[in-house]
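Colleague: Let me give you the structure first, and then I'll get to my questions.
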Amino acid sequence: MAQKIRVAVLYGGKSGEHEVSLQSAASVIRHLDRGRFDVVPVSIDKTGLWQLNDLNTIEQTAGSALPIRRNAPEVRLAAQPDGRGALLPVDGAIPGVRDIDVFFPVMHGPLCEDGAIQGLFDLTDVAYVGSGVLASAVSMDKDVAKRLALQAGLPIAPYVTLKRRDYESDPADCIEAARAKLSLPVFVKPCNMGSSVGVHKVKSWDQLKAALDDAFRYDLKILIEQGIDAREVEVAVLEDEPLFVSVASEINPDPRHEFYSYEAKYLDKDGAAVDLPARIDDVAMARVRVLAAQAFAVLECSGLARVDFFLDRKSGEFYFNEINTLPGFTSISMYPKMMEASGVPYPELLTRLINLALDRHRQRHSLLRDYAP
Ligand SMILES: Nc1ncnc2c1ncn2[C@@H]1O[C@H](COP(=O)(O)OP(=O)(O)O)[C@@H](O)[C@H]1O
Ligand SMILES: [Mg+2]
């Protein structure tokens, strides 16, 4: 039998979405095909400490979220000359793990999904699942992603961006500029977050300042966006030739929540109802799937992405809202569910993502890295 592919699953992370990652990774580890893969669990705590975990211990705990263990040995990522990676002990007390074929960052949010960790993987010259530095970074920045999407002809909701320095020097002027361009309600959101952290629906202008102050706790750049009376429609995309695009689903946040907030997403088990497939007509379904593929392509994504749209209840128009290059992977997350509903079961999805990562790494390795005229 062929040798198993060694996969290091990274979870946790120095991010506001640390807890979500612990759930996503529990699910990924459970679904990885053990006939093919040798799984190495690596946690990253909230201070950024990498620790090697024991798979058996993790499997015995079998909860819906992986634990971060204080006493697990600290490791660092190291390159091997053969293009694989190693996780070496920091204090030499354990042997560490070598010959890691591929890294699977099952983490969300800044530093995890925005190109930072992807840059570390590139510097170490190892294979990893998902988008590279460029796509991760531009997709994470809601402003840059929308600008690129707009340029490719995808409709977006009107918005203004605000830098913290400008806001601090003249808040009244900044608020005035937003009022001139947008009408209520508006949404205030940090440019580089996720899971609705720091997102506010503003229904009267005198609430705007408090919303901005809060959003600026999370980011140096924020968006003030035109609120749309919209249905929320999502599509999962998997890299293939041509791209594999799932059926769309619709998220219906419970009316008790003003919008699809952090509470509705993670704390309230009845926070939202899902329609999979979305109850939209065939024309709308076809349209949103095309838009999702366009977004994936224009943002130069690799591997996977979940693309989120607003469907304007009045005009019937779709607006590109955001793209997630490392979408949630919990057992109830939309990305794996949409893929499953489209004929790609969770374990097969993981296998395909890992094969794509290995293939991309091989292709990049075939490039010349020096120049001899
Ligand atoms: N322009 C908007 N119009 C209506 N609802 C919005 C708008 N922007 C955000 N929302 C609501 O806020 C939620 C979170 O915003 P989103 O931009 O998706 O950020 P995140 O990356 O945190 O998910 C959305 O799912 C939606 O419910
Ligand atoms: Mg969102």
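The values are calculated or read from the model by the stated rules, or taken from the named source; none is laboratory data. Since this is a predicted model, take the numbers as computed values, not measurements. Here the Cβ positions follow ideal geometry from the backbone for every residue, glycine too, while neighbour counts run over all protein chains shown. Surface accessibility is based on the protein's heavy atoms, side chains included, excluding ligands, DNA and RNA. Shrake-Rupley method; radii C 1.70, N 1.55, O 1.52, S 1.80 Å.
Colleague: Against the condition more than 19 Å from Asp275 (Cβ to Cβ), at pLDDT 95 or above, of a type outside the set (S, T, N, Q) and assigned by TED's automatic domain parsing to the domain that holds Asp240, how does Phe309 come out, does it pass?
Modeller: no
Colleague: Just to verify a result, which residue in the range 1-29, among those that are among the basic types (Lys, Arg) and modelled with pLDDT of 95 or more, is farthest from the chain's Cα centre (by Cα)?
Modeller: Applying the filter and picking the extreme gives Lys4.
Colleague: Among the residues of the range 68-83, is there at least one that is open to solvent by 50 Å² or more (accessible area, probe 1.4 Å), farther than 22 Å from Pro95 by Cβ and at pLDDT below 95?
Modeller: no
Colleague: Take the conditions under 21 Å from Pro158 (Cα atoms), open to solvent by 40 Å² or more (accessible area, probe 1.4 Å) and either assigned to a strand (DSSP E or B) or out of contact with any helix residue (DSSP H, G or I) (no Cβ under 9 Å at 6 or more places or on another chain) (or both) and apply them to Glu225. Does it pass?
Modeller: Considered against the rule, which asks whether it is under 21 Å from Pro158 (Cα atoms), open to solvent by 40 Å² or more (accessible area, probe 1.4 Å) and either assigned to a strand (DSSP E or B) or out of contact with any helix residue (DSSP H, G or I) (no Cβ under 9 Å at 6 or more places or on another chain) (or both), Glu225 comes out as no.
Colleague: Would you mind finding the one in Ala135, Ala127, Ala145 that is open to solvent by less than 10 Å² (accessible area, probe 1.4 Å), hydrophobic (A, V, I, L, M, F, W, C) and within 14 Å of His361 (Cα to Cα)?
Modeller: Of Ala135, Ala127, Ala145, the one residue that is open to solvent by less than 10 Å² (accessible area, probe 1.4 Å), hydrophobic (A, V, I, L, M, F, W, C) and within 14 Å of His361 (Cα to Cα) is Ala127.
Colleague: So, in the range 172-209, of the ones that are open to solvent by 30 Å² or more (accessible area, probe 1.4 Å), aliphatic (A, V, I, L, M) and at pLDDT 95 or above, which residue ends up farthest from ligand 1 (Cβ to nearest atom)?
Modeller: Among those residues, the one meeting the criterion is Ala180.
Residue-by-condition table, conditions (1) within 14 Å of ligand 2 (Cβ to nearest atom); (2) buried (at least 17 other Cβ atoms within 10 Å of the Cβ); (3) closer than 27 Å to Gly16 by Cβ; (4) charged (D, E, K, R):
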{"position": "Ala230", "(1), (2), (3), (4)": "yes, yes, yes, no"}
{"position": "Asn252", "(1), (2), (3), (4)": "no, no, yes, no"}
{"position": "Glu258", "(1), (2), (3), (4)": "no, no, yes, yes"}
{"position": "Asp268", "(1), (2), (3), (4)": "no, no, yes, yes"}
{"position": "Val283", "(1), (2), (3), (4)": "no, no, no, no"}
{"position": "Arg287", "(1), (2), (3), (4)": "no, yes, no, yes"}
{"position": "Ala297", "(1), (2), (3), (4)": "no, no, no, no"}
{"position": "Arg306", "(1), (2), (3), (4)": "yes, yes, yes, yes"}
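Colleague: Right, next: Tell me which strands (runs of 3 or more DSSP E) are completely within the range 67-115 and hold 2 or more residues being more than 26 Å from Gly16 (Cβ to Cβ), or say none if there are none.
Modeller: Once the strands (runs of 3 or more DSSP E) in the range 67-115 are filtered for at least 2 residues that are more than 26 Å from Gly16 (Cβ to Cβ), what remains is 75-79, 85-89, 97-100.
Colleague: Does the range 62-81 include one or more residues that are touching a helix residue (DSSP H, G or I) at 6+ places or on another chain (Cβ under 6 Å), under 30 Å from His365 (Cβ atoms), without any contact (Cβ under 8 Å) to a residue 60 or more places away in the chain and among the small types (Gly, Ala, Ser)?
Modeller: So far as the range 62-81 goes, yes, one or more of its residues are touching a helix residue (DSSP H, G or I) at 6+ places or on another chain (Cβ under 6 Å), under 30 Å from His365 (Cβ atoms), without any contact (Cβ under 8 Å) to a residue 60 or more places away in the chain and among the small types (Gly, Ala, Ser).
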